[in-house]
Number of protein chains: 2
Amino acid sequence: MMRIPESHPRYESLVTREKMVNAVKDNIIVQEGLIAHGRGEAYDYIMGEKTKKWAIQAIKASAVTLMNASYPVISVNGNAAALAGKELVELSKIIPAKLEVNLFHRSPIRIRKICDYLRSMGATEVLGEDAEKLIEGIEHSRSYSSPEGIIKADVVFVPLEDGDRAKALKAIGKKVICIDLNPLSRTAITSDITIVDNITRAIPLLTEEIKKIKSGTEKELEEANAFATEYSNRDVLKEAVEGIIEYLGEFNPVRSDTANI
Amino acid sequence: MMRIPESHPRYESLVTREKMVNAVKDNIIVQEGLIAHGRGEAYDYIMGEKTKKWAIQAIKASAVTLMNASYPVISVNGNAAALAGKELVELSKIIPAKLEVNLFHRSPIRIRKICDYLRSMGATEVLGEDAEKLIEGIEHSRSYSSPEGIIKADVVFVPLEDGDRAKALKAIGKKVICIDLNPLSRTAITSDITIVDNITRAIPLLTEEIKKIKSGTEKELEEANAFATEYSNRDVLKEAVEGIIEYLGEFNPVRSDTANI
């Protein structure tokens, strides 16, 4: 592994990349997870690697939705754990919500590894090791849930998931909140609230937003509720795509400061 | 490894993904190469996973430029070999051009592995194992060239490279042709001709174009030469970005057929 100098213009991206490569060695993520991470990198580039207004809106709606849920569950996969394990544990405590490990490339060893990792990050309870096939209408690997996990939830937060899981969860009546840097993905379209942002930036902002609402006035809570009620995921996704279009429109091949990577 | 059914709507993409994961196991590519592949996937999505007119233009200009070169060299890295090894060997024979293996994550074993792989795909000569530090003004791993390789070339074809290598090659007076799905990348901007397309689609088209020019009339060759002389990479990159903007503009979150992944 190379030593990345802090002065490197792409320092954060490179450190994250190194973190992901190490997560493969630690059996937290699979090789396919690296490809998925690369896709995320590309989408992040074309929105300028910043949390934009569409994400802020989705985070606001997510915060109050998770707070109001009677049984919220955060479904964690390998990439989510590797990228934001500590932040997800903190989020689960603030809401509070159950943490459950669910994998597409499912293996008991990886489930255990990720559960252990989340516990090492301070989680007191992590579901997933006791999973059974409880979710109908979806192929094998996504049909699992802990009896106390997503199957029992009213609101499921699935950072970095794929369209099939979001769809299956919707089909059994769950409210689904996701994080997806690709506003065109099936997950993004299927979910009730899609945070189009980098998970490493979005989770701390979501935690912050929940803290803010919790310490705010009754009136602020009412306003937050009204905002979530009127929230249109489709409008926000459209805004995200328009934002990307705007960003790309600024590209000028003569000016290298508009380039990326 | 899962068995991917041919009926799967994303069959080709999934097969390629599997190929890349296997290439890691075979030591052809490194983990970071999987992340790079993921970025490519995302850019390919937002241009509809089809070879577009901007790529056709770049391929046309590349074909005649490679044919007219006095010493053309194709610089192959792990991802290029894994994705289009066979096609690159065929291209090298048609031009004809030298094939040289150059790696950023350089190791003698990987160099040998990739050389062997290209030979197994029919290459009679592959440079790279005898590389020395011959290229100035660039950090360590990119300073290597075989004495008969890119250092001696007038035109270097670098499918799937990064901005630093393109820049270093330009600095020592080489004409640089690249393939990059990201039209905003430094490689894309730095190169003389950038084919904004998926390497698996672009290389066969490039080979085809060379064959066509070779079997064409004198007048057709003249026209091809004139086209390459007037070619503006910046205009073509702008077209690519505009094409992506157009594609994104068609996105409608109510219609799932405009979604991807």
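Of everything in the stretch A:193-210 that is open to solvent by 10 Å² or more (accessible area, probe 1.4 Å), of a type outside the set (Val, Ile, Thr) and touching a residue at least 12 places away in the same chain (Cβ under 8 Å), the residue that is nearest to the other protein chains (Cβ to nearest Cβ) is A:Asn198. In the stretch A:200-217 there is at least one residue that is acidic (Asp, Glu), on the phi < 0 side of the Ramachandran plot and over 15 Å from the mean Cα position of the chain (by Cα).
Across the stretch A:214-227, a minimum of one residue is classified as surrounded by fewer than 24 Cβ atoms within 10 Å (Cβ to Cβ), modelled with pLDDT of 95 or more and of a type in the set (Val, Ile, Thr). Test A:Gly243 against the criterion of being open to solvent by 50 Å² or more (accessible area, probe 1.4 Å), of a type outside the set (D, E, K, R), in contact with a helix residue (DSSP H, G or I) (Cβ under 8 Å, 6 or more places away or on another chain) and within 14 Å of chain B (Cβ to nearest Cβ), and give yes or no. When the stated conditions are applied, A:Gly243 does not pass them. Annotation note: Cβ proximity below 6 Å between a residue of the stretch A:216-238 that is within 14 Å of A:Thr65 (Cα to Cα) and within 14 Å of chain B (Cβ to nearest Cβ) and a residue that is among the hydrophobic types (A, V, I, L, M, F, W, C) and outside any helix (DSSP H, G or I) (sequence gap 6+ or interchain) occurs for A:Asn233/A:Ile193.
Within the stretch A:125-142, residues that are among the acidic types (Asp, Glu) sit with their Cβ atoms under 8 Å from residues that are assigned to a strand (DSSP E or B), at 6+ positions apart or across chains, in these pairs: A:Glu125/A:Lys98; A:Glu125/A:Leu99; A:Glu129/A:Val101; A:Glu132/A:Tyr144; A:Glu132/A:Ser145. Quick one: is A:Arg142 open to solvent by 10 Å² or more (accessible area, probe 1.4 Å) and within 14 Å of chain B (Cβ to nearest Cβ)? Taking the combined requirement at face value, the residue satisfies it. Note on the stretch A:4-116: enclosed helices (runs of 4 or more DSSP H) holding 2 or more residues that are open to solvent by 10 Å² or more (accessible area, probe 1.4 Å) and either within 14 Å of chain B (Cβ to nearest Cβ) or free of Cβ contacts under 8 Å to residues at least 40 places away in the same chain (or both) are A:11-25, A:31-45, A:78-94. Scanning the stretch A:167-200 for residues that are part of a loop (DSSP other than H, G, I, E, B), under 14 Å from A:Ala61 (Cβ atoms) and in contact with a strand residue (DSSP E or B) (Cβ under 7 Å, 6 or more places away or on another chain) returns A:Ser191, A:Asp192, A:Asp197. Which one of these does A:Thr190 not meet: (1) within 14 Å of another protein chain (Cβ to nearest Cβ); (2) touching a residue at least 40 places away in the same chain (Cβ under 8 Å)? Single failed check for A:Thr190: (2). On inspection, A:Lys152 fails the criterion of being within 14 Å of chain B (Cβ to nearest Cβ), of a type in the set (Lys, Arg) and open to solvent by 10 Å² or more (accessible area, probe 1.4 Å). For the stretch A:155-172, the condition of being surrounded by 23 or more Cβ atoms within 10 Å (Cβ to Cβ) and over 29 Å from A:Arg17 (Cα atoms) holds for at least one residue. Quick check on my filter: what residues within the stretch A:127-139 are open to solvent by less than 50 Å² (accessible area, probe 1.4 Å) and part of a loop (DSSP other than H, G, I, E, B)? Hits for the stretch A:127-139 are A:Gly128, A:Ala131, A:Ile135, A:Ile138.
The values are calculated or read from the model by the stated rules, or taken from the named source; none is laboratory data. None of the values given here were measured: they were computed from a predicted structure. All Cβ positions, glycine included, derive from the backbone under ideal geometry; neighbour counts span all protein chains shown. Keep in mind that these areas ignore ligands, DNA and RNA; they rest on the heavy atoms of the full protein, side chains included. Shrake-Rupley method; radii C 1.70, N 1.55, O 1.52, S 1.80 Å.
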